[in-house]
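Below is one structure, written out as structure tokens; comments come after it.
The values are calculated or read from the model by the stated rules, or taken from the named source; none is laboratory data. Just so it is clear, the model here is predicted, and its values are computed rather than measured. Glycine gets a Cβ as well: all are built from the backbone with ideal geometry, and neighbour counts include every protein chain shown.
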Amino acid sequence: MKVTRLPDIRPRPRRVAVGTFDGVHLGHREVIRGADTVLTFDPHPTTVIRPGASPRLLTDPARKAQLVGSLGVQELVVIEFDAAFAARSAQDFVDDVLVGALGATHVSVGENFRFGHKARGDAALLQTDDRFETRVVQLLEIDGEVVSSSHIRGLVLGGAIEYAGQLLGDPFTLAGDIVHGDERGRELGYPTANLVPDPRFVTPAHGVYAARATTSAGETLPAAVSIGVRPTFVTGRGELIEAYLLDFSGDLYETRLELAFLKRLRGEKRFDSVDALIEQMALDVDTARAIYDRAGT
């Protein structure tokens, strides 16, 4: 899939799906269905319009592009959302972006999509324009709840990682650069690759998880991942993501690691002894391997 910034776009007949699409969840996928082009925004518009209320995101731009590309979309067009763009009127967005820059023949949006200065543009405005055909997709409901990015963020923050993955359509995934830790895991027989949570993005609740790890070399391995502050030890460190990669040996420092979370095994707890911790870690590793194998990854 081609990723293009709006100033570099060349007009051609396009079937365009428009939205922020944080998480690219099942509801978003219905909006995107049938589109050859996805138009999205970076950064998230609320970081510009209401900085203090800006949400922690589910996906970074690279992950969003990966997910959109997996849906068969030909092109992802990214608008750099800044104060100047936020000030543009809804009609300008239609005239200059959808029609002028993109050459849209079909436009697909969710029923709650808003655009333009002070969010005055909506699906009804798009439907009045006869230069393109507008498809308005109703909000998707599962188990009596609307599938939304905010709902899924709450699930991830609460540790309901398996259900979050069901609503996303893929496991919740985060990535980061591996940093040096206290090497406590190595001393315990379980050396870990450590990531510092990025405050711009959602981090799952403290606890231990089964995950699929993908190294920067493209190697995919089962992993047992601990997120928290390591209460059995006094470290002086803040929150850390520690991933024990099963069947791996080598040095991953200063490379990038991607973690796809499959299931939460347990919450974070303090152990009475190091031996009790090691015993539990062995059980966690066995369980993580079994879940990874059952997932067929």
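Within segment 142-166, can you find the residues that are touching a helix residue (DSSP H, G or I) at 6+ places or on another chain (Cβ under 7 Å) and within 18 Å of T203 (Cβ to Cβ)?
Those that are touching a helix residue (DSSP H, G or I) at 6+ places or on another chain (Cβ under 7 Å) and within 18 Å of T203 (Cβ to Cβ): I152, L155, V156, Y163, A164.
Looking at A90, A160, A119, can you tell me which residue is closer than 16 Å to V18 by Cα, outside the structural domain of V202 (by TED's automatic domain parsing) and at pLDDT 95 or above?
After applying the criteria, what remains is A90.
Out of all the residues in segment 84-109, which are touching a Gly at 6+ places or on another chain (Cβ under 6 Å) and crowded, with 16+ Cβ neighbours inside 10 Å?
Within segment 84-109, A90, F93 qualify.
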